[in-house]
């Protein structure tokens, strides 16, 4: 299997600052697509994405994607076995605490109740 390093762009682009106001909806959608592709590449290359911490605040990828409102990327990560939806950062925030929109909160509630449908089961399903 050929390995590539496209996943590096995924980590570099995660901004855990909590500043969700700096980009427009169009920019957010483009960022979501780019992050999705980077995350998918990481998963395909066997990177254990469930344990990545992205900043000094202790944000996991799940927390960072939740905070940024990256819905498609968040859905993909939530599909990865071993992702802890209750993980807390250094200031005791979870992905639910910082969720940027109701879609992400709903996915977390569904996952907690065991009714979330994983994206990875049949391959990525992004529109």
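Throughout, read-outs are computed from the coordinates displayed, never taken from laboratory work. Quick caveat: nothing in here was measured; it's all calculated off a predicted structure. Note: ideal-geometry Cβ built from the backbone for every residue, glycine included; neighbour counts use all protein chains shown.
When 116, 74 are sorted by how many other C-beta atoms sit within 10 angstrom of their C-beta, beginning with the fewest, the order is 116, 74.
One decimal place: the segment residue 53-residue 102 gains 15.3 nm when fully extended, by the rule 0.36 nm per residue minus the C-alpha distance. Length gained on full extension, residue 115 to residue 84, computed as 0.36 nm times the residue gap minus the Cα-Cα distance: 9.6 nm. Ranked by how many other Cβ atoms sit within 10 Å of their own Cβ, fewest first, the residues 97, 32 fall in the order 97, 32.
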